[in-house]
Amino acid sequence: MANYTENELAKDLQNQEYKYGFVSDIESDKIPIGLNEDIIRLISAKKNEPEWLLEYRLKAFQIWSSMKEPSWAHVNYEIPKYQEITYYSAPKQSKKYDSWDDVDPEMKETMKKLGISLEEQKRLTGVAVDFVMDSVSVATSFKEKLGELGIIFCSFSDAVREHPDLVKKYMGSVIPTTDNFYAALNSAVFTDGSFCYIPKGVRCPMELSTYFRINEGGTGQFERTLVIADEGSYVSYLEGCTAPQRDENQLHAAVVELVALEKAEIKYSTVQNWYPGDKEGKGGVYNFVTKRGICERDAKISWTQVETGSAVTWKYPSCILKGDNSIGEFYSVAVTNNYQQADTGTKMIHLGKNTKSTIISKGISAGKSQNSYRGLVQIHKNAHNARNFSQCDSLLMTNQCGANTFPYIECKNSSAKIEHEATTSKIGEDQLFYCMQRGISEEKAISLIVNGYCKEVLNQLPMEFAVEAQKLLAISLEGSVG
Amino acid sequence: MIKINNLHASIEEKEILKGLNLTVNAGEVHAIMGPNGAGKSTLSSVLAGREEYKITDGSVEFDGKNLLELSTEDRAREGLFLAFQYPIEIPGVSNVNFLRTALNEIREYKGLDAISAKDFMALVRQKTALVGLDSKLATRSVNEGFSGGEKKRNEIFQMAMLEPKLAILDETDSGLDIDALRIVSDGVNSLKSKDNAIIVITHYQRLLDYIIPDYVHVLFDGKIVKSGQKDLALKLEEHGYDWIKEEFATRK
Ligand SMILES: Nc1ncnc2c1ncn2[C@@H]1O[C@H](COP(=O)(O)OP(=O)(O)OP(=O)(O)O)[C@@H](O)[C@H]1O
Ligand SMILES: [Mg+2]
């Protein structure tokens with residue numbers, strides 16, 4: 001047993017190949033590689049965008065051109081060659097589908113391989129799914145039902161066309177173009193994404209869900225998501241993704257903005273499974289995401305994420321607690337394996353009085369991976385009685401992996417209460433032996449123990465998503481026993 | 001049922017079992033007693049397949065198979081059960097989920113279908129009652145925050161759920177209050193049949209008033225140095241181990 005944990009487990013984990021590595025064969029409409037003003041004009045033209053959006057992009061491009069890629073994160077990687085990436089790729093289909101039957105069988109097959117049958121999802125769970133293959137939305141469902149309630153759930157491009165006022169008002173209001181290198185890049189070249197608006201006082205009756213995936217080799221993926229919950233409304237939003245196996249690094253730099261107006265609540269859940277690279281750490285997705293939400297008075301934003309993928313992850317879903325009594329939550333499980341590197345965490349910015357934030361972070365490192373938690377809790381001068389509770393646990397599966405915790409606290413108000421707890425533990429040989437003595441295989445035992453360790457976070461996910469997340473954890477960590 | 005022959009096992013270069021012999025037949029109850037550090041828990045760990053222990057000599061036959069060649073989980077699936085002296089906590093994993101996983105793995109090994117949720121819950125109800133385990137404990141995380149006695153009771157509950165051929169109870173009586181001792185013993189007795197066998201490891205003859213052994217063995221310095229019947233336990237209770245040690249020393 002001891003030997004198993006120390007050596008064989010380590011080996012098994014390294015042998016774990018990416019299960020969803022496949023490439024589908026849907027023709028794509030690509031533009032030349034590289035990035036300059038002409039390319040941006042081309043993207044904008046292809047998408048028939050209004051002038052104001054082109055201006056927005058061009059300004060963002062200027063800002064980006066003057067910025068340097070950040071290097072402070074606890075990760076090492078080869079900097080993407082930004083001039084060798086294709087910045088736009090759409091499946092070559094001119095017409096949108098009217099019904100599910102019209103959807104390309106090949107695409108359905110792809111979804112099946114993802115293990116997420118859209119049909120099942122629709123029928124069994126009542127999830128409205130906006131499936132984004134590469135950069136353009138190809139299937140939207142449940143639109144009418146949501147429409148009756150005044151809920152808008154559509155692709156970002158549709159929103160630009162049909163709800164320009166909302167887009168203009170809120171796009172960039174949480175994450176300005178100048179925020180950081182990747183956000184600026186995204187603002188210049190984003191192709192599509194999702195848009196969601198919940199009207200005043202409406203409780204969205206179903207989980208809204210978008211599956212993203214990267215499909216075209218060498219295509220950067222620049223998604224843009226904007227969720228607006230108007231006063232007193234509620235929405236639970238799910239985002240999940242897997243990517244096909246690839247040789248070259250794929251860049252992913254998404255921007256997600258959440259706006260929770262007075263008394264509104266947004267629950268945003270992510271299960272993320274980008275291709276992490278092979279055993280040597282070759283290939284794999286670079287995931288540089290900027291996610292941030294703003295809470296007005298009495299509003300609440302809760303981020304839940306399960307991260308198992310990417311070669312390099314750089315991601316800090318954050319909350320700006322602007323309004324009094326607003327609440328921010330961050331629940332995270334991050335698994336790293338082989339040569340994966342994750343630098344993830346959250347920022348809780350307390351501006352209003354009686355604001356409250358909770359951070360629960362569970363890191364699991366296997367192989368030779370590096371898993372870092374970086375959290376910032378900032379209490380501003382006027383944030384009287386602000387409270388924060390942070391708990392950061394790390395679980396190590398091998399002796400060669402690493403876990404780091406970097407909690408930063410900046411407190412400018414003495415009435416604040418801040419609590420921080422951190423633990424690091426090695427997966428228990430005793431626990432594994434105990435499970436196996438009951439007839440449970442090594443694989444299942446690891447999966448049981450890890451899922452138990454992550455329970456506080458998994459419990460935050462909607463039921464169907466939790467099941468999927470558990471499977472993902474198992475896939476990322478089970479050894480190929482033999 | 002199990003035939004242990006000249007078993008030698010060591011840990012970190014230190015020999016703990018030094019030529020142990022023991023045969024247990026179906027339908028029998030054997031008690032193993034012996035001073036602290038004699039190697040009782042080592043024996044149970046070695047039989048269960050804990051890999052830290054190196055087996056340097058000897059053989060173990062379990063139900064006609066070479067036990068030492070089986071993996072830990074296959075030994076369990078073949079019907080070997082160990083009630084731990086110090087049960088392990090598994091945070092976040094509910095007792096029922098843990099047991100359902102275990103039960104289904106064992107069933108799969110035997111070529112049986114997975115148990116339905118309904119049948120499983122019925123089984124849980126029946127077995128919690130049998131060992132007097134608070135049904136709330138069945139849904140809590142495995143052993144997490146359980147009292148010492150509750151942990152021991154939970155071990156017997158698991159035994160009742162998994163219905164092993166050979167159960168090794170390592171000091172299950174320690175930590176149990178007087179009533180619990182009786183209830184747990186009754187539970188164990190009701191699981192006894194002509195087709196299975198039980199080895200109880202204990203320091204106290206009191207347990208043997210409830211679970212009546214067919215044989216009592218004394219394990220000392222890595223070997224079974226004396227075997228007898230129930231009266232041997234009484235004698236040990238009265239006189240301690242000194243006379244055995246002396247006998248053993250002179251034999252050397
Ligand atoms: N990992 C280890 N490294 C070194 N020695 C060990 C290790 N594990 C057990 N031992 C030693 O092996 C011997 C036998 O221990 P074991 O737990 O089998 O005794 P026991 O008969 O069960 O005692 P008790 O009645 O106290 O439960 C002890 O001397 C113990 O210190
Ligand atoms: Mg012992």
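Condition check ((1) out of contact with any Phe, Trp or Tyr (no Cβ under 6 Å at 6 or more places or on another chain); (2) open to solvent by 80 Å² or more (accessible area, probe 1.4 Å); (3) at pLDDT below 60; (4) over 17 Å from residue A:288 (Cβ atoms)) across all residues:
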residue	(1), (2), (3), (4)
A:10	yes, no, yes, yes
A:26	yes, no, yes, yes
A:31	no, no, no, yes
A:46	yes, yes, no, yes
A:54	yes, no, no, yes
A:60	yes, no, no, no
A:69	no, no, no, no
A:76	yes, yes, no, no
A:88	yes, no, no, yes
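Which residues, taken from segment B:19-41, are within 11 Å of ligand 1 (Cβ to nearest atom), more than 14 Å from chain A (Cβ to nearest Cβ) and open to solvent by less than 60 Å² (accessible area, probe 1.4 Å)? Outline the logic, then answer.
The initial filter retains those residues of segment B:19-41 that are within 11 Å of ligand 1 (Cβ to nearest atom), namely B:32-41.
Those left that are additionally more than 14 Å from chain A (Cβ to nearest Cβ): B:32-40.
Of everything in segment B:19-41, those that are within 11 Å of ligand 1 (Cβ to nearest atom), more than 14 Å from chain A (Cβ to nearest Cβ) and open to solvent by less than 60 Å² (accessible area, probe 1.4 Å) turn out to be B:32, B:33, B:34, B:35, B:38, B:39, B:40.
Among (1) under 15 Å from residue A:330 (Cα atoms); (2) open to solvent by less than 10 Å² (accessible area, probe 1.4 Å), where does residue A:387 come up short?
(2)
Looking only at helices (runs of 4 or more DSSP H) that fall completely inside segment A:378-482, which ones have 1 or more residues that are touching an Asp or Glu at 6+ places or on another chain (Cβ under 8 Å)?
Helices (runs of 4 or more DSSP H) meeting the threshold: A:429-437, A:442-453, A:463-477.
Residues being facing chain B (nearest Cβ under 7 Å) and out of contact with any strand residue (DSSP E or B) (no Cβ under 7 Å at 6 or more places or on another chain): count how many of those fall in segment A:435-450. Write out each step before concluding.
Pass one, segment A:435-450, residues facing chain B (nearest Cβ under 7 Å): A:436-441, A:444, A:448-449.
Now narrow it down to the ones that are out of contact with any strand residue (DSSP E or B) (no Cβ under 7 Å at 6 or more places or on another chain): A:436, A:438-441, A:444.
Residues flagged as facing chain B (nearest Cβ under 7 Å) and out of contact with any strand residue (DSSP E or B) (no Cβ under 7 Å at 6 or more places or on another chain) within segment A:435-450 amount to 6.
Of a type in the set (D, E, K, R) and either on the phi > 0 side of the Ramachandran plot or touching a helix residue (DSSP H, G or I) at 6+ places or on another chain (Cβ under 6 Å) (or both): is that true of residue A:368 in this structure?
Working: of a type in the set (D, E, K, R): yes; either on the phi > 0 side of the Ramachandran plot or touching a helix residue (DSSP H, G or I) at 6+ places or on another chain (Cβ under 6 Å) (or both): no.
Answer is no for this residue.
Looking at B:149, B:175, B:132, which is the one that is over 27 Å from residue B:65 (Cβ atoms) and within 16 Å of ligand 1 (Cβ to nearest atom)?
Details: B:149 fails: within 16 Å of ligand 1 (Cβ to nearest atom); B:132 fails: within 16 Å of ligand 1 (Cβ to nearest atom).
Sole residue among the options that is over 27 Å from residue B:65 (Cβ atoms) and within 16 Å of ligand 1 (Cβ to nearest atom): B:175.
In segment B:220-239, which residues are over 18 Å from the mean Cα position of the chain (by Cα), surrounded by 15 or more Cβ atoms within 10 Å (Cβ to Cβ) and in a loop (DSSP other than H, G, I, E, B)?
Of everything in segment B:220-239, just one residue is over 18 Å from the mean Cα position of the chain (by Cα), surrounded by 15 or more Cβ atoms within 10 Å (Cβ to Cβ) and in a loop (DSSP other than H, G, I, E, B), namely B:221.
Among the listed residues B:210, B:215, which satisfies the condition of being more than 16 Å from ligand 1 (Cβ to nearest atom) and touching a Gly at 6+ places or on another chain (Cβ under 8 Å)? Full working, then the answer.
Numbers: B:210 fails: touching a Gly at 6+ places or on another chain (Cβ under 8 Å).
After ruling out the rest, the residue left standing is B:215.
Mind checking which helices (runs of 4 or more DSSP H) fall wholly inside segment B:145-219 and carry at least 2 residues that are among the charged types (D, E, K, R), within 15 Å of ligand 2 (Cβ to nearest atom) and in contact (Cβ under 8 Å) with a residue 24 or more places away in the chain? Can you show your working first?
Working: elements: B:148-162, B:178-191, B:205-210.
Filter on segment B:145-219 gives B:148-162.
Rundown of residues vs (1) facing another protein chain (nearest Cβ under 9 Å); (2) of a type in the set (A, V, I, L, M, F, W, C); (3) surrounded by fewer than 21 Cβ atoms within 10 Å (Cβ to Cβ), yes/no style:
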{"position": "B:64", "(1), (2), (3)": "no, no, yes"}
{"position": "B:69", "(1), (2), (3)": "no, no, yes"}
{"position": "B:80", "(1), (2), (3)": "yes, yes, no"}
{"position": "B:105", "(1), (2), (3)": "yes, no, no"}
{"position": "B:109", "(1), (2), (3)": "yes, no, yes"}
{"position": "B:120", "(1), (2), (3)": "no, yes, yes"}
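With respect to residue B:59, determine if the residue is away from ligand 1 (no atom under 16 Å from the Cβ), touching a residue at least 12 places away in the same chain (Cβ under 8 Å), more than 14 Å from chain A (Cβ to nearest Cβ) and open to solvent by 10 Å² or more (accessible area, probe 1.4 Å). Walk me through how you get there before you give the answer.
On the way: away from ligand 1 (no atom under 16 Å from the Cβ): yes; touching a residue at least 12 places away in the same chain (Cβ under 8 Å): yes; more than 14 Å from chain A (Cβ to nearest Cβ): yes; open to solvent by 10 Å² or more (accessible area, probe 1.4 Å): yes.
Criteria met by residue B:59.
The values are calculated or read from the model by the stated rules, or taken from the named source; none is laboratory data. None of the values given here were measured: they were computed from a predicted structure. Using ideal geometry, Cβ is built from the backbone for each residue, glycine included, and neighbour counts are taken over all protein chains shown. Protein only, heavy atoms only, side chains kept; ligands, DNA and RNA dropped before computing areas. Shrake-Rupley method; radii C 1.70, N 1.55, O 1.52, S 1.80 Å.
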